[in-house]
Amino acid sequence: MIGEKIKKLRLENSLTQKDLAEKLYVTAQAVSRWENNEVEPSITTIAEIAKVFNISMSELLGEEQQPVKVVKETEYVYKEQKPILAVCEQCNKPIYDGNEIVRLTDYDYMGNTTTKILCKTCDDKNKKQAHETAVYQGIQRRKKSFLWGSIFTVLIVIVALVATLIAKASTGIVVGATVGSLLFFPFLSCLYLDNNFIWDMVETVASWSIRLPGLIFELSLDGIIWLLTVKLLFWILGGLVSILCFILAIILGLAISIFVYPFALSKNLKHPELED
């Protein structure tokens, strides 16, 4: 009888009727009535009892399990092999899907083009690595802008103070040098950040020069002397113009970088990988 089976399993597991009742969320009287075969538990309760004693319902009900004969069948699956469309030049894996092929075109100094084939995985990996490198380089540029801008500012102030103490220069020199050093800080910082147009502007203005006209001279000693003299004057004039253009470029850079620096610094803080 199932009641005797429940009692036997309960005793084997050292459980009281109250312990078993708590596990099944019933009363101890219900367990007692089952064991005395006064009533039979429901099929749901029988399943819970089997779980408690870690046995099958068939074992709890006393049914003999018939051996199950397992017949193994071999299934042959024929898969069509996709053609290899390309081979990744980085990881050497074959590429079967056309959407996974990435072609990169590179140009050498002679203008010749070379095409490199990569898989999409390697291309994404290279892009991620390039982005991380650009971010690192941008952070390094920001650190250098702070460092060298501060060093240059302090040096100018120190030189002005020493000149004031030794040469007994006026305090106006110190004030002027301090103001000038404060102008140089954003200027040097913009150059180091390299995410603005200050460097290109300075380089363009500094490269301005005058175009010297052609000279017609008499092929004689006096003509040659005149040619050399005029050439020398033009050379001196060209040098002076170049110096003036360089000074103009620095002045423009100092003046404009005051307004450009806040935007360049903000841009580097948000996107350090960006360059101009």
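The values are calculated or read from the model by the stated rules, or taken from the named source; none is laboratory data. Predicted model only: the values in this text are computed from it and were never measured. Neighbour counts run over all protein chains shown; Cβ positions are idealised from the backbone, glycine included. Each accessible area value is taken on the protein alone, full model and side chains, heavy atoms only, with ligands, DNA and RNA left out. Shrake-Rupley method; radii C 1.70, N 1.55, O 1.52, S 1.80 Å.
Note on His131 and Asn99: the model spin-label points, each 7 Å out from Cα along the C-beta direction, lie 2.0 nm apart. The slack in the chain from Trp235 to Ile2, taken as 0.36 nm per residue of separation less the alpha-carbon distance, amounts to 71.9 nm. Overall, the ratio between the Cα radius of gyration of segment 84-132 and 2.2 N^0.38 Å, rounded to two decimals, is 1.24. Going by accessible surface with a 1.4 Å probe and the largest first, Met201, Met57, Met110 read Met110, Met57, Met201. Over segment 1-41, the ratio between the Cα radius of gyration and 2.2 N^0.38 Å evaluates to 1.00. Between Leu85 and Ser56, what FRET efficiency follows from the Cβ-Cβ distance if R0 is 45 Å, with the result rounded to 0.05? Rounded to the nearest 0.05, the efficiency is 0.25.
Phi-derived couplings, Karplus 6.51 cos²θ - 1.76 cosθ + 1.60 at θ = phi - 60°, listed residue by residue for segment 253-261: x, 4, 6, 7, 5, 4, 8, 7, 4 Hz, with x used for Gly and Pro.
Taking amide H as placed 1.01 Å from N in the peptide plane, the amide H of Ala86 sits under 5 Å from that of Ile95, each at least 5 places away or on another chain.
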